[in-house]
Amino acid sequence: MSQAKEFADETGQEQAGAHAAPHHHPANLAHHFSDMAQQKDSAKMGMWIFLLTEVLLFGGLFCAYAVYRAWNPEIFHNGHAFLDVTLGTINTIVLITSSLTVALAIRFLQVNKIKLAVINLAATIAFAGTFMVIKYFEYMHKIHEGQLPGKFYTFEGMEGTNPHVFFSVYFLMTGLHGIHVLVGIGIITWVLIRTIKGHFSSEYYTPVELTGLYWHLVDLIWIFLFPLFYLVG
Amino acid sequence: MANSTHAHTHEHAEHVLPLRVYFGVFAALLLLTAVTVIIAKFHFGAFNLIVAMVVAAVKATLVALIFMHLKYDNKVYMLIFVTSIVFLAIFIIFTMSDTMTRGNVDPMKARPIDPRAIIYQNRPEGVGLGMDTTALTDTAATANPTRQLGEEPTIDTTAVPDVRGSDSVPVDVAPADTTQPQTAPDSL
């Protein structure tokens, strides 16, 4: 403990010397960072590395999509006709709008407009919820029809060899994406509560920014899922 | 190392984008969504896929550069993100270069997934498979309806899904004789 204290004192003095100003220690600055900018850079870099792993996680499924589609062009063509383009388009617009609101929330925190940030975060949660409700109705319809993966596939109205493969890939990819949306709702709710409590301001809003990065990635993945499943047959 | 206070204010001045930028990107994303939906209504074959992916890539780039601030932030984040895309591309290209070229060197006898696979057990013969099962006179569903999970079906183990994208109806491969007792495949 005393060593850490000494180190802190030393670096503090060093900084004070370099800046020729009294060293002040922001409340949100962890002791192992020299300043807020460095702390924020580190956090964002960590987040981007996490997003890299997310790209690779979904990448495995995109690769599966590519392989199965190349092997079974017929069932991917026939299968996409069973997806509701209208619902898919609405969900795309909903998710793009939620991306806008979360970006705006961060932008308003940057200029200390906490109330507007809260409104935009709440709107993001509402849009995310809307997305899941629509997805729920889509899923229920498919479950009812028996358009399910693997051995659960009982639908009889689709031409092509091994039609269940299309729905296996569909449910895996949209399912993993849906889980990400649910996780996102949880995290955005958490930063919303913290914003309401006044934890964030233009000085410190890193958690909201990282949440925004996560949410944009969820949006990015949907931007590719939507045409691949709903549009391109 | 000039000083962090200056860097901090400078950073803020740089990062706060005017609202019109956000709404502009939003409008562009909506427009591109409309474009991709409308184009999908016309059938241009492979062209559809290319257009849809190009539009999606443009949308993704807009989100990443503006909404995710990659354009304005430390370029290390850009490097990390681009790295993930590059490795994803390597992953998909190398996988496809295998799966799309199987059989190019030696002829391959391709046939669909065995119609006696477990997933087909509980359905009436041939129904909904979209598969010409008339060629397969004697499927396990009828010959051996009691086959249990884990029990080895008599499958030609050289059988692989048709990778050449044609209608995967078996042509030159006779169905395995399922009237035989369940034995280990002898075709290896």
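Points to keep in mind about this one:
- Residue match in the range A:71-84 (condition: away from chain B (no Cβ under 11 Å), touching a residue at least 24 places away in the same chain (Cβ under 8 Å), aromatic (F, W, Y) and out of contact with any strand residue (DSSP E or B) (no Cβ under 7 Å at 6 or more places or on another chain)): yes
- Only one of A:T189, A:T154, A:T211 that is surrounded by fewer than 18 Cβ atoms within 10 Å (Cβ to Cβ) and either within 23 Å of A:S99 (Cα to Cα) or more than 14 Å from chain B (Cβ to nearest Cβ) (or both): A:T189
- Selection within the range B:84-107 - within 9 Å of chain A (Cβ to nearest Cβ) and more than 21 Å from the chain's Cα centre (by Cα): none
- Verdict on A:A43 being in a helix (DSSP H, G or I), more than 10 Å from chain B (Cβ to nearest Cβ), at pLDDT 90 or above and under 16 Å from A:E209 (Cβ atoms): yes
- When residues in the range B:11-68 are screened for being among the aromatic types (F, W, Y) and under 19 Å from A:Y65 (Cα atoms), 1 of them pass.
- From the options A:T161, A:T101, residue that is part of a helix (DSSP H, G or I), touching a residue at least 12 places away in the same chain (Cβ under 8 Å), touching a helix residue (DSSP H, G or I) at 6+ places or on another chain (Cβ under 9 Å) and not aromatic (F, W, Y): A:T101
- Residues within the range B:74-83 that are surrounded by 14 or more Cβ atoms within 10 Å (Cβ to Cβ) and more than 7 Å from chain A (Cβ to nearest Cβ), tallied: 2
- B:L30 being more than 9 Å from chain A (Cβ to nearest Cβ) and within 21 Å of A:T89 (Cβ to Cβ): no
- Residue that is surrounded by the most Cβ atoms within 10 Å (Cβ to Cβ), among those in the range A:124-142 that are under 15 Å from the mean Cα position of the chain (by Cα) and not polar (S, T, N, Q): A:F131
- All conditions in (1) over 25 Å from A:L228 (Cα atoms); (2) surrounded by 17 or more Cβ atoms within 10 Å (Cβ to Cβ) hold for A:L83, with the sole exception of (1).
The values are calculated or read from the model by the stated rules, or taken from the named source; none is laboratory data. The structure displayed is predicted, hence computed values, not measured ones. Neighbour counts run over all protein chains shown; Cβ positions are idealised from the backbone, glycine included.
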